[in-house]
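The values are calculated or read from the model by the stated rules, or taken from the named source; none is laboratory data. Keep in mind that this is a model prediction, so the values were computed, not measured. With ideal geometry, Cβ positions are generated from the backbone for all residues, glycine too; neighbour counts draw on all protein chains shown. Ligands, DNA and RNA are stripped out before the accessible areas are found, and what is left, the full protein with its side chains, is counted by its heavy atoms. Shrake-Rupley method; radii C 1.70, N 1.55, O 1.52, S 1.80 Å.
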Amino acid sequence: MFVRPCWRPLSEQDALELIEKNPWALLVSNGAKGPLATNLPLLFDHRREDKTVLVGHLARANEHALLLQESSVPHLAIFEGPYSYVTASWYPNRDMPSTYYYTAVHCYGRIKIQDEAALDACVEWLTQVMEAPVPRGWQTHEIEREAITRRYKAIVGFEFHIDRIEAKFKLGQDEPLKDALAVAEHLEKRGREEDVALAAMIRRQNSGRKE
């Protein structure tokens, strides 16, 4: 991923937080006939404080699952954070081309297939995380245990051990500060949750800059 120095997040923690807040990922692997890609949620293994391992699962019938079990080469997990088209009309002097502000994190790493006990623990963790924002969210104990475990034969659980992270927060750091802050203001006025989140990131990543 092409990342100018100014587009790097202020800290690695910013990149990790993007992953935690946006766990819907694209997993990419090199297959014999070309790349394979699968959309799926990937969560940090909450049992590890260092946040170097992601966990997930995919359908056993997916060709990608077989590749994960056989391949020893690195894989890529792509996470996207808030993004928006930025019209040049938002700039105070309207003297810059329109562009996109966006955030993304690419994780490169190795796959380790889980046994059923590890898969079970991670399915429970995934359920807790995803149901947490839902009023009276669903819990796995609401159905028979066998209704969950019988499905494990149809999925493959895995750990993604992160070797390297690349993060790109393209948020106006290479533009005049007044322009970046004007974009943040326009996004805040639109009021959508993703726009407000992006505006907050713009302000943070441009903090400490001077005109």
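I'd like the FRET efficiency for ALA37 and ALA147, computed as 1/(1 + (r/R0)^6) with the beta carbon distance as r and R0 of 30 Å, rounded to 0.05. Step by step, r from the Cβ atoms, then E = 0.50.
For segment 127-177, applying the loop criterion from DSSP together with a ceiling of 15 other beta carbons within 10 Å to the chymotrypsin sites (Phe, Trp or Tyr not before Pro) yields TRP138. Taken as Cα centroids, segment 109-179 and segment 46-64 sit 7 Å apart, rounded to the nearest whole angstrom. Placing R0 at 45 angstrom, the Cβ-Cβ distance between GLN128 and LEU177 gives a FRET efficiency of 0.65 after rounding to 0.05. Computed over the chain, the per-residue total of -39500 (n - 2.57) for DSSP H runs of n ≥ 4 gives a 222 nm mean residue ellipticity of -9500 deg cm²/dmol, rounded to 500.
Pull up the cross-link candidates among the aspartates and glutamates for LYS112, meaning alpha carbon to alpha carbon under 18 Å and not fewer than 8 places away within one chain. By straight Cα distance, LYS112 reaches ASP45, ASP50, GLU63, GLU70, ASP120, GLU159, ASP163. For a straight C-alpha distance cut-off of 18 angstrom, the aspartates and glutamates reachable from LYS189 (same-chain residues fewer than eight places away being disregarded) are ASP179.
Summary value for segment 95-198: 43 percent relative contact order, contacts being C-alpha pairs under 8 angstrom separated by 6+ residues. Considering only alpha-carbon pairs that sit under 8 angstrom and 6 or more positions apart, the relative contact order computed for the chain is 25 percent. For LEU10, no residue whose modelled amide H falls within less than 5 Å of its own remains once neighbours fewer than 5 places apart on the same chain are excluded.
With 10 Å bins beginning at zero, the pair-distance distribution over Cα atoms of the chain amounts to 8, 29, 28, 21, 11, 3, 0 %. List the pairs from LYS170/LYS210; LYS21/LYS51; LYS33/LYS170 whose alpha-carbon separation is above 23 Å, in the order I gave them. Check vs 23 Å cut-off fails for LYS33/LYS170. Here the calculated FRET efficiency for ALA200 and GLU166, from their Cβ-Cβ distance with R0 = 22 Å, stands at 0.50, rounded to the nearest 0.05. Heavy-atom surface analysis with a 1.4 Å probe gives segment 115-211 a carbon and sulfur content of 54 percent of its accessible area.
Probing with 1.4 Å while keeping every protein chain in the model, the per residue accessible area of segment 130-211 equals 60 Å².
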